[in-house]
Structure formats: structure tokens, C-alpha cells
Amino acid sequence: MHEITLTVNGVVQQVAVPGRRLLSDCLRHDLGLTGTHVGCEHGVCGCCTVLLDGEPVRSCLVFAVGADGHEITTVEGLAAPDGTLSPVQRAFAECHGLQCGFCTPGFLCTVTALLRQNPAPTEEEVLEGVSGNLCRCTGYQNIVKSVHRAAEIMAEDR
Amino acid sequence: MTTKLFGEPVRRREDPRLLTGRGLYLDDLGAGALAAAFVRSPHAHARIRDIDVSAAIDVDGLLAIYTWEDLPGALAQPLPLLIPHPALTHGRTAHPLAREIVRHVGEPVVMVVARDRYLAEDACDLIRVDYEILKPVVGVEEATQSAQLVHADVPGNVGAHLVQEVPSASGRAVREIIESAPHTLAFRLDIERSASMPLEGRGVHARWDADDRSLRVHSSTQTSTSVRMAIAAKLGLPLPKVEVIAPDVGGGFGVKIVHPWPEEILVPWAAMTLGREVKWTEDRREHFTSSAHERAQVQFVRVGFDGDGRVLGLDVNILHDHGAYTPYGIIVPIITSTQLLGPYKIGAYRVEFSSIYTNTVQVTPYRGAGRPQAVFCMERTMDHIARHLGLDRTAVRAANFIQPDEFPYDQGLIFQDGRPLIYDSGDYPESLRMLKEMIGWDSFPEEKARAAAEGRTIGIGVGCYVEGTGVGPYEGGHVQVTSDGRVHVSTGLTSQGQGHETVFAQIAATELGVPLERISVVTGDTRRFGYAVGTFASRAAVMSGNAIALACRKVRDKALRVAADALEADPRDLEIVDGEVRVVGAPGASIPLATVAVLSNPLRYAFDEEAARATQFAGAGSSFDRPPVAPGEEPGLEGRDYYSPIRSTFASGMHAAIVETDPLTAEIRILRYAVVHDCGNLINPMIVEGQIHGGVAQGVGGALYERMVYDGHGQLLNASFMDFLMPYATEVPAVETAHLQTPSPLNPLGIKGAGEAGVIPVSAVIASAIEDAEGLVIDRMPISPSELFDLRRAAG
């Protein structure tokens with residue numbers, strides 16, 4: 001067992017994990033943050049995407065011990081502390097960018113990072129930006145619309 | 001008016017929960033539960049000689065290892081054959097854990113329960129199963145010719161054989177008509193296997209209450225009521241002692257309608273046996289090799305037609321691959337064979353199918369359920385006829401359409417629900433007119449010529465379909481108004497992301513005149529509603545939607561009756577607006593629905609303010625010559641009703657696409673995709689469009705990417721998301737949509753189902769478009785760039 005320290009959504013968490021424990025399992029089952037979902041466990045679907053020091057990573061491909069000392073943002077940490085939804089979350093609700101919601105946390109984290117790097121992406125850049133996440137329900141066009149809408153909301157908020 | 005919400009693009013009420021990580025999917029439940037894992041067969045066909053668990057029993061945290069021999073009573077019997085059909089003469093189902101023989105890679109053989117999933121899998125790795133390998137049967141044509149049998153007692157590997165024939169109006173047989181037709185064509189079509197592949201796999205969590213001798217089970221299912229009945233039957237428990245809840249479900253698309261899955265009875269049994277919470281969460285590899293697939297068929301078509309392209313006779317012979325077992329009967333080939341006719345009136349029709357066992361994963365419905373194959377067959381036939389006669393492809397279709405004044409239209413066949421296949425309503429010529437205008441069909445030849453001048457190859461395709469939706473037998477709804485004015489709606493069928501909470505609330509708001517935010521909706525929880533069938537066949541809105549509307553109407557009638565008493569008015573002069581019962585045309589004369597709820601329930605005890613107003617001594621307007629609850633009345637403001645249709649409603653639609661093929665690499669790109677869709681009255685156009693988008697995306701997967709690649713040993717070679725290609729945002733085109741609304745005369749709300757429509761014609765449409773671009777015949781889907789490249793080479 002390894003004692004590790006993760007800062008998750010701004011909260012310092014200490015947890016003891018076996019070396020082989022996946023970060024996705026650690027977040028979900030050790031820390032109870034079940035918003036991060038696991039769809040394939042081989043790094044293809046993107047459902048388990050979280051932000052590790054601000055960068056999107058697939059938490060099913062990271063060992064929890066590898067995240068020791070780092071900052072992690074999960075879907076639970078995207079809204080403001082008072083519960084106000086982030087622009088990306090608001091945009092997904094507005095544009096019907098989700099159906100079953102299982103892939104949604106991964107998309108939200110991916111898009112949050114995308115818009116941080118590129119606040120006004122082109123259509124091509126949006127497609128490229130979300131093309132590592134699978135969705136089986138929406139057909140993507142409302143997800144793409146949500147990304148553009150989120151960029152608009154962020155621009156309005158500035 | 002704020003409460004007339006039927007037909008409005010109301011934002012989804014599910015979203016705030018799902019966007020903040022507060023959704024509750026199966027694996028989010030049961031923190032601290034024991035974990036189950038399974039040893040599954042690595043062989044497609046083998047006899048189990050011995051199972052050696054000795055190396056596994058020392059694994060730290062191991063609680064139990066079970067094989068078939070450990071299963072008691074009914075649990076040791078084969079799983080149920082859910083939909084028996086007289087034509088399914090050799091129905092076969094698996095045992096929950098393999099007994100003696102395994103018949104596909106991935107079949108569960110041993111169940112392990114340990115402290116967590118990692119440890120359970122450690123133990124699985126240490127269990128040695130000694131197999132005598134038998135020759136597998138792979139591929140549907142091989143299966144019909146093979147001396148090797150999937151089930152020793154099923155000759156020729158044929159599980160079912162069914163023929164339906166509708167002779168011509170003058171009574172002539174189909175084959176005779178085809179032989180004497182001015183034109184005749186014969187060809188073969190192939191469709192490969194795909195799968196539902198929801199991003200959340202299956203999962204089961206069970207908690208046994210030993211004191212109460214009751215079981216609470218959560219399952220990621222499309223039918224919680226049926227899972228409940230299966231558990232009660234298999235574990236010998238009284239039905240009221242079993243509760244099953246479908247929590248948030250991360251997609252289903254058909255695969256979660258099969259029940260019980262072995263795990264749905266094994267996990268609860270383990271929870272009972274061990275007296276501990278047990279959970280199983282399927283991993284992706286397990287999903288590929290132990291959940292169901294669909295689509296694979298070989299079709300042999302003969303068609304006779306006249307010089308205008310009118311089909312005089314159609315004869316189709318289908319070989320349907322149903323894999324190793326038939327738990328869901330022969331619903332898929334029945335649907336293919338009966339929905340094949342689409343929006344057309346065909347002079348005479350004969351269809352025959354054989355449903356064949358192979359040593360591969362079992363086949364049960366996947367979104368569209370047999371219809372994509374049916375539409376591929378019919379629409380390829382239309383294109384073949386058009387090419388043969390040199391006619392426009394849409395003109396051939398138009399020549400065969402059932403006309404708007406011909407409804408109800410009886411196709412003369414028996415549908416999947418055992419009832420006559422009678423279309424209720426539709427307007428196919430108008431649908432085609434809208435589609436052609438949207439995609440620019442008539443001006444496409446010029447566009448194609450312009451592209452050709454630039455060295456680009458483009459083509460246009462079209463496909464039409466009719467979809468039987470809203471199949472019975474029934475669904476129910478319960479509506480209760482509590483004394484705070486809130487409305488609690490429940491229905492037994494489940495939701496897998498379709499937005500049922502929202503659309504059912506819209507229906508209740510409209511029927512009851514109550515603001516949306518005061519309505520809550522619960523689905524798929526047997527604690528709230530125990531009678532239901534399930535969510536499949538585009539039936540939820542039609543079935544539960546109408547049931548909830550009927551239940552609301554009961555509540556409304558009672559509310560008006562009670563309010564009329566209180567307001568000393570005639571119930572016929574009352575309306576409910578914004579949660580208040582008002583006397584029409586008399587401002588000020590009103591009473592909140594909350595108060596009506598209080599008045600409807602005479603109380604002895606004043607536990608809160610509202611209750612104080614309802615006690616026996618509050619007494620307003622009460623009469624001493626009748627009991628507080630009058631004969632024939634019930635306390636409370638609630639209603640329950642059921643909707644049971646005489647037959648299915650028939651939604652319809654037409655799709656068109658423009659594709660571009662790369663002259664060198666043969667890469668296929670969809671440039672435009674247009675849909676005209678008719679599902680009767682729209683409850684929420686935003687949600688319907690979302691369903692179409694998602695369906696088309698799955699259709700694009702089925703047309704261009706998704707296939708289950710089995711080798712000759714029955715090994716699935718692409719059992720991962722790295723190798724089974726589902727489309728990402730970069731592969732799915734934006735879908736342009738238009739709605740036509742021909743209300744169904746069969747139900748009070750005039751609605752038809754919308755859940756599967758998007759997926760149904762896509763392979764046919766893309767095949768038609770590639771064919772137009774390339775001038776090559778496309779008779780097999782999906783088609784990859786390398787296959788298109790080979791076709792080009794073969795054509796020289």
C-alpha cells in the first residue's frame with residue numbers, strides 16, 4: 001500500500017492505495033467521486049477524462065500513485081462552489097449536448113481544457129478537440145454546438 | 001400559458017444532475033459492496049472436463065467461488081426463453097453458469113466473489129478450467145451446411161423457420177407473378193454483425209435484508225419489472241419481497257432489454273447466500289464477448305416489376321445468424337421480414353427466413369431491431385429496379401408508395417406482436433417531396449458534374465422506411481397530487497437517456513395544468529410502479545406517455561369534482577391553470593390544487609398546517625349523512641391508469657445523403673445528411689431531434705465502421721474500442737431535419753415512437769450514395785475504404 005496525497009477539486013485528500021490501483025478507481029471508489037465514469041478501461045472512450053494539473057488525462061490509464069502530489073479536477077469540481085454551473089455545463093444543458101449522460105463528465109472536462117487553451121475555436125478545432133471522446137447517444141452535433149455556445153458564454157462573461 | 005408544454009422544446013430536467021456528477025449509475029452505488037467477477041470461456045465450443053479452483057482459494061479477500069454445480073433449484077435450470085414463437089421449434093437458452101458445454105467465447109463458467117474487483121479478478125486468473133475443444137460453427141452459411149452442431153439436438157443448426165406469403169389481389173402466388181413479370185432481377189445482400197455498445201456496460205448490485213427476507217436489486221436494465229419477476233422466480237422469493245430499480249442508465253440500445261442476464265440472478269443469489277452486498281460491473285471486454293450482438297443476415301432477393309418500376313412480386317429468403325442461444329426468440333428476423341415492405345404496396349410478397357445457431361455471441365435486438373437489414377433489402381431493391389429501367393430512384397419509390405388516402409393500410413402480414421401489420425397513418429409522397437427539396441435532389445446532377453470537373457467524386461442516395469413503434473401489451477402511469485401541490489408521476493418502464501423525466505412531466509403539466517417545476521417523475525422503480533413491460537421498440541412515449549395522460553385525466557376529473565363542491569360550482573365550469581382550479585370567467589373564484597388535495601383526504605391527525613385543515617373537526621362543508629370517504633371514492637388525489645393499444649403505431653421517415661469518395665484512397669466522407677421524420681404529434685421537438693441525431697450516428701457506424709470480426713475458431717478479433725470502430729465527432733455529419741406530423745389515430749395523444757428511426761435506413765442510404773458516386777453495385781454493408789478499393793479493382 002502507498003500513502004498518497006491528491007488535491008481533488010481543491011480539497012487535499014490522503015489515501016492508501018495498492019500500486020496497481022487506477023486513478024479512476026481511486027477517485028470513484030476510494031474518494032466517492034463517482035461523477036468520473038469508466039467506459040472502456042483502455043483509454044479509448046474518454047468517459048474517465050479528468051484534469052490533472054489542468055490537462056485532460058484518461059484516469060483509467062493513470063495509476064493513482066502516479067498522481068501523488070498533483071491537482072485533479074473532476075466533473076464535481078467544474079461548477080462554482082455556490083453550485084453555479086460552469087459555462088461549459090450551462091452550454092451543454094442549453095444545446096441538448098447530452099442524453100444518457102454517461103460520457104458527459106469526460107466531455108465536460110475535455111471541453112473545459114480545450115476552451116482554456118483556445119477560447120474561440122473554429123469548427124475544425126472543436127471537432128478535433130472532442131474527437132477523443134466517444135458518445136453513443138447524441139450524434140455529436142449538439143455537443144459541437146455546446147462547445148461553441150460555451151465559448152460564447154465565456155466571452156460574454158469576460 | 002405556462003402549463004401547455006406538450007410540443008415545446010423544454011430543456012431536460014435530467015441535465016443538472018448529470019452535468020454535475022450527481023447522476024447515479026449502477027457502479028456509483030454500493031460503496032463497500034463485495035465484487036463479483038467471472039471466469040469466461042476462451043473457446044467458442046468446448047466441453048468442460050474439470051474446474052480446478054485450488055490455486056484461487058488462497059487469494060486474500062476471496063469470499064466464494066461458484067460453478068454450475070453449486071447452483072440450487074431453478075437457478076440451475078436454463079435461463080428463460082422470453083418470447084416463444086411457434087416457428088421457433090428449437091429454442092435454446094444458456095444456463096446461468098455453463099453446464100458441461102460452452103457455446104461461445106465469453107460464456108460465463110465460474111463466478112467469484114471477493115472484497116474488491118481487483119482481488120476477484122486475481123482469483124479468476126488462478127482458476128484452471130480443463131476444456132475438450134470441439135469444432136466451432138462460425139458464419140451463417142457454413143452453419144447450414146456443417147455436419148457440426150451448436151446444440152447436439154438441433155438438426156442443421158436451424159432454430160426456426162418461418163414463411164409468410166401475401167399473394168396478389170387476384171390470388172396468384174408470388175413466384176408465379178415474378179416469373180411472368182416484364183422485368184425480373186435476382187441478387188444477394190450481406191449485412192455484418194454490430195452491437196448496441198452502450199458506454200455504460202451492464203451491472204447489477206444486490207442487497208439482501210436477512211431480517212425482512214427481502215432483496216433490493218439495482219440493475220442497469222431496460223426492464224426492471226421483468227428482472228424483478230425473473231429474480232423472484234429463480235430465487236424462489238415472493239414477488240413483494242423483491243424490489244428492482246433501474247438507476248440512471250448509461251445507454252441501452254436494446255442490449256439491456258434481455259433479462260435476466262445470468263448476472264442479474266447470480267449476483268442477487270450471491271448476496272442472499274453470503275448475507276452481504278454484492279456488485280458486478282461489466283468491463284468492456286466482457287461486454288464484447290458476453291452481451292448480445294445483432295444485424296448479421298444474408299438475404300437472397302428475387303423481384304418482378306413493370307416498366308414504371310412498380311413491384312409486382314417480391315420473394316426474399318433470409319438466413320439470420322442468431323448466435324449460440326435464443327433467449328429473445330426470433331423477434332429480430334420477424335421484424336426484418338415484416339418491416340421489409342416499408343412505405344410501399346407491393347403486388348405480392350413472399351418471405352422466408354431460417355434462424356441459425358452459430359458458436360458466437362447471442363443475437364437480440366439492437367436499436368432498429370432487424371429493420372436496418374429490412375430497409376437495406378427493400379431500398380437496394382428499389383435502386384436495382386431504377387438502374388435496370390434507367391429511371392430516377394425517387395420516381396421508382398414514388399410509383400410504389402401507399403397513398404395518404406389508403407390508411408389504415410393492411411400489409412397482410414403478422415407483425416412481431418402477433419397482430420396484423422396495419423399501418424395507422426402517414427403521408428409518404430409529402431415526406432419524399434420535403435426530402436428532395438431539402439437535399440436538392442433534382443439539381444444534384446449539375447452539382448455532381450461540377451464536382452467531377454474539379455476531379456471530385458460525389459454521389460447522392462436515398463432511403464425510406466416505416467417503423468412499427470409503440471408495441472403493446474401495455475404500460476401504466478400513477479399520478480398523485482400531494483397536499484403541498486406537488487405532482488408525483490411514476491411509470492414502470494425505464495429510461496436510458498431518452499429524457500423521459502422531461503417528456504412525461506410535459507405531458508402531466510399539460511394534462512393537469514400544473515407548472516413543470518412542481519412535477520416529479522420516477523421511472524423504472526418497482527417500488528413506485530410494479531406493472532410494466534420495458535423500454536424498447538420506440539414504445540416509451542407512446543405507451544407510458546398515454547398511460548400517464550390517462551392517469552392525469554382521472555386525477556383532473558376528481559380534482560374538479562372536489563373543487564366544484566368547495567366552490568359550489570358545476571365541475572363543467574372549472575379549469576385548472578397554474579396549479580389552481582378556477583371557475584371559468586369568474587376571476588377570484590378559485591382554489592389551489594394543493595387545497596383540493598387536502599380536501600380529498602379527510603384526516604384524524606393534524607401533523608402539519610395542511611393536515612390541520614383536513615381534520616374531521618375542520619369540517620367545512622361536510623355533511624353528517626354520509627361517511628367522510630364516500631362510497632366509491634378513495635382518499636387522496638391520485639389516479640392510476642393503463643394504456644394498451646390494439647396494435648402498433650407506424651412512424652416513418654426518409655433520409656438522403658451526399659457522399660464523397662476519394663479517387664485514390666477510396667475514403668468515404670459524408671458531406672450532407674438530411675432526414676424527414678414523422679412520429680405523429682411531437683411532445684418535445686428538441687428531444688426527438690436528439691434521438692434522430694443519435695440514431696443516424698449509430699447508423700453511420702453500421703454503414704461504414706462497425707463489424708464484429710470473428711475468425712474461423714469463433715474468436716472475436718476486435719473485442720475492444722481500439723479495434724471495433726465507433727464513430728467519433730469527426731466521422732458523423734451534421735444532420736439536417738424536418739418534421740412531418742401525421743397524428744396516430746390509435747392513441748389519445750396522437751403520438752408514434754421516435755427512438756430508433758434515425759438508425760434504420762442509414763446503411764441503405766450510404767450504399768445508394770456510394771453506388772451513385774462510383775457506378776458500382778454495393779451489396780454488402782458495412783463498407784470500408786479498402787473494400788471499396790477492391791470493388792473498384794474488380795470492376796477494372
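Hey, any hits in the range B:355-367 for a residue that's out of contact with any Gly (no Cβ under 8 Å at 6 or more places or on another chain), open to solvent by less than 10 Å² (accessible area, probe 1.4 Å) and not aromatic (Phe, Trp, Tyr)? No, there is no match, as no residue in the range B:355-367 is out of contact with any Gly (no Cβ under 8 Å at 6 or more places or on another chain), open to solvent by less than 10 Å² (accessible area, probe 1.4 Å) and not aromatic (Phe, Trp, Tyr).
Counting only residues that are touching a helix residue (DSSP H, G or I) at 6+ places or on another chain (Cβ under 6 Å), within 8 Å of another protein chain (Cβ to nearest Cβ) and assigned to a loop (DSSP other than H, G, I, E, B), the range B:12-47 holds 4 of them. For the range B:727-737, residues that are within 7 Å of chain A (Cβ to nearest Cβ) and surrounded by 22 or more Cβ atoms within 10 Å (Cβ to Cβ) total 3. Only residues that are open to solvent by less than 40 Å² (accessible area, probe 1.4 Å) and either outside the structural domain of residue B:512 (by TED's automatic domain parsing) or within 14 Å of residue B:482 (Cα to Cα) (or both) were counted across the range B:561-619, and they come to 11. For the range B:669-705, the set of residues classified as touching a Leu at 6+ places or on another chain (Cβ under 6 Å), closer than 21 Å to residue B:460 by Cα and more than 14 Å from chain A (Cβ to nearest Cβ) consists of B:676 only.
Among the residues of the range B:626-637, are any under 30 Å from residue B:757 (Cα atoms) and modelled with pLDDT of 95 or more?
no
Checking each residue in the range B:748-766 for being assigned to a loop (DSSP other than H, G, I, E, B), touching a helix residue (DSSP H, G or I) at 6+ places or on another chain (Cβ under 6 Å) and either within 14 Å of another protein chain (Cβ to nearest Cβ) or surrounded by fewer than 24 Cβ atoms within 10 Å (Cβ to Cβ) (or both) picks out B:748, B:749, B:754, B:755. Has the range B:86-96 got any residue that is away from chain A (no Cβ under 14 Å), of a type in the set (D, E, K, R) and assigned to a loop (DSSP other than H, G, I, E, B)? There is at least one residue in the range B:86-96 that is away from chain A (no Cβ under 14 Å), of a type in the set (D, E, K, R) and assigned to a loop (DSSP other than H, G, I, E, B).
Considering the conditions (1) polar (S, T, N, Q); (2) open to solvent by less than 20 Å² (accessible area, probe 1.4 Å); (3) more than 10 Å from every other protein chain (Cβ to nearest Cβ), residue B:715 is excluded by exactly one of them, (2). Every listed requirement among (1) more than 20 Å from residue A:126 (Cβ to Cβ); (2) more than 12 Å from the chain's Cα centre (by Cα); (3) open to solvent by 30 Å² or more (accessible area, probe 1.4 Å) is met by residue A:94 save one, (1). Set side by side, the residues B:286, B:277, B:282, B:294 differ, and just one is in contact (Cβ under 8 Å) with a residue 24 or more places away in the chain and open to solvent by 30 Å² or more (accessible area, probe 1.4 Å), which is B:277.
Report whether or not residue A:85 is open to solvent by 40 Å² or more (accessible area, probe 1.4 Å), at the interface with chain B (Cβ under 7 Å from one of its Cβ atoms) and in a loop (DSSP other than H, G, I, E, B). For residue A:85, the condition - open to solvent by 40 Å² or more (accessible area, probe 1.4 Å), at the interface with chain B (Cβ under 7 Å from one of its Cβ atoms) and in a loop (DSSP other than H, G, I, E, B) - is met. Selection of the range A:88-107 for residues being within 25 Å of residue A:21 (Cα to Cα) and facing another protein chain (nearest Cβ under 7 Å) yields A:102, A:103, A:104, A:105. Of all residues in the range A:130-147, exactly one satisfies the criterion of being more than 7 Å from every other protein chain (Cβ to nearest Cβ), among the small types (Gly, Ala, Ser) and either under 13 Å from residue A:100 (Cα atoms) or surrounded by fewer than 23 Cβ atoms within 10 Å (Cβ to Cβ) (or both), namely A:132. The number of residues in the range A:41-81 that are in contact (Cβ under 8 Å) with a residue 60 or more places away in the chain and either at the interface with chain B (Cβ under 7 Å from one of its Cβ atoms) or under 14 Å from the mean Cα position of the chain (by Cα) (or both) comes to 13.
Taken together, A:104, A:110 contain a single residue that is open to solvent by 10 Å² or more (accessible area, probe 1.4 Å) and of a type in the set (Val, Ile, Thr), which is A:110. Among the candidates B:491, B:510, B:482, the residue that is farther than 21 Å from residue B:542 by Cα and either open to solvent by less than 10 Å² (accessible area, probe 1.4 Å) or touching a residue at least 60 places away in the same chain (Cβ under 8 Å) (or both) is uniquely B:482. Any residue that is in contact with a strand residue (DSSP E or B) (Cβ under 7 Å, 6 or more places away or on another chain), of a type outside the set (Ser, Thr, Tyr), open to solvent by 60 Å² or more (accessible area, probe 1.4 Å) and farther than 28 Å from residue B:398 by Cα - is there at least one of those in the range B:626-646? Scanning the range B:626-646 turns up at least one residue that is in contact with a strand residue (DSSP E or B) (Cβ under 7 Å, 6 or more places away or on another chain), of a type outside the set (Ser, Thr, Tyr), open to solvent by 60 Å² or more (accessible area, probe 1.4 Å) and farther than 28 Å from residue B:398 by Cα. One residue stands out in the range B:333-345 among those that are in a loop (DSSP other than H, G, I, E, B) and in contact (Cβ under 8 Å) with a residue 60 or more places away in the chain: the one that is surrounded by the most Cβ atoms within 10 Å (Cβ to Cβ), namely B:342. Does residue A:152 meet the test of being charged (D, E, K, R), within 12 Å of chain B (Cβ to nearest Cβ), open to solvent by 10 Å² or more (accessible area, probe 1.4 Å) and assigned to a helix (DSSP H, G or I)? For residue A:152, the condition - charged (D, E, K, R), within 12 Å of chain B (Cβ to nearest Cβ), open to solvent by 10 Å² or more (accessible area, probe 1.4 Å) and assigned to a helix (DSSP H, G or I) - is not met.
Scanning the range B:239-273 for residues that are in contact with a strand residue (DSSP E or B) (Cβ under 7 Å, 6 or more places away or on another chain), among the hydrophobic types (A, V, I, L, M, F, W, C) and within 14 Å of chain A (Cβ to nearest Cβ) returns a single hit, B:246.
Apart from one condition, residue A:124 fits all of (1) touching a residue at least 12 places away in the same chain (Cβ under 8 Å); (2) more than 9 Å from every other protein chain (Cβ to nearest Cβ); (3) assigned to a helix (DSSP H, G or I); the exception is (1). Applying the set (1) in contact (Cβ under 8 Å) with a residue 60 or more places away in the chain; (2) open to solvent by 10 Å² or more (accessible area, probe 1.4 Å); (3) more than 14 Å from every other protein chain (Cβ to nearest Cβ) to residue B:58 leaves exactly one unmet item: (1).
Looking at B:170, B:196, just one residue is over 20 Å from residue B:309 (Cβ atoms), more than 33 Å from the chain's Cα centre (by Cα) and assigned to a loop (DSSP other than H, G, I, E, B), and that residue is B:170.
For the range B:689-722, filtering for residues that are within 22 Å of residue B:764 (Cα to Cα) and not charged (D, E, K, R) leaves 18. Inside the range B:371-397, residues that are closer than 16 Å to residue B:700 by Cα and open to solvent by less than 10 Å² (accessible area, probe 1.4 Å) make up a count of 4. Of the residues making up the range A:21-53, those that are farther than 19 Å from residue A:4 by Cβ and open to solvent by less than 30 Å² (accessible area, probe 1.4 Å) are A:34, A:35, A:37, A:39, A:40, A:43, A:44, A:45, A:46, A:47, A:49.
The values are calculated or read from the model by the stated rules, or taken from the named source; none is laboratory data. The structure displayed is predicted, hence computed values, not measured ones. Note that each Cβ is placed from the backbone with ideal geometry, even for glycine, and that neighbours are counted across all protein chains shown. Just the protein is used for accessible areas: all its heavy atoms, side chains included, with ligands, DNA and RNA removed. Shrake-Rupley method; radii C 1.70, N 1.55, O 1.52, S 1.80 Å.
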